[in-house]
Amino acid sequence: MRGPFLRKPAGSAIVSEVRATVAVAGPLAAANLAQMAMGFTNTVMVGSLESAALAAAGLGASSISRSPWCARAS
């Protein structure tokens, strides 16, 4: 039987949980930042054109980024 003095400290359990959470959340956060950077770059590149082109680029980017969610819902 293990005594209370042989248990791991609670801090190490918290640290391992934080590491596991960051291991899962890190790639998701990077993908989100990459998508925002792509939208910003798209806006900068199309920004010098007329407003209809900018609106079309925004609408296209919005519909492309939503298409996997729509396909998954059906």
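The values are calculated or read from the model by the stated rules, or taken from the named source; none is laboratory data. Note that the structure is a prediction, hence the values are computed from the model and not measured. FYI the Cβ positions are ideal-geometry reconstructions off the backbone, even for glycines, and counts take in every protein chain you see.
Observations on the model:
- Only one of the listed residues (GLY39, GLY3) is at pLDDT below 85, surrounded by 10 or more Cβ atoms within 10 Å (Cβ to Cβ) and not charged (D, E, K, R). That residue is GLY39.
- Residues of the stretch 42-64 that turn out to be surrounded by 10 or more Cβ atoms within 10 Å (Cβ to Cβ) and over 22 Å from the mean Cα position of the chain (by Cα), as a count: 8
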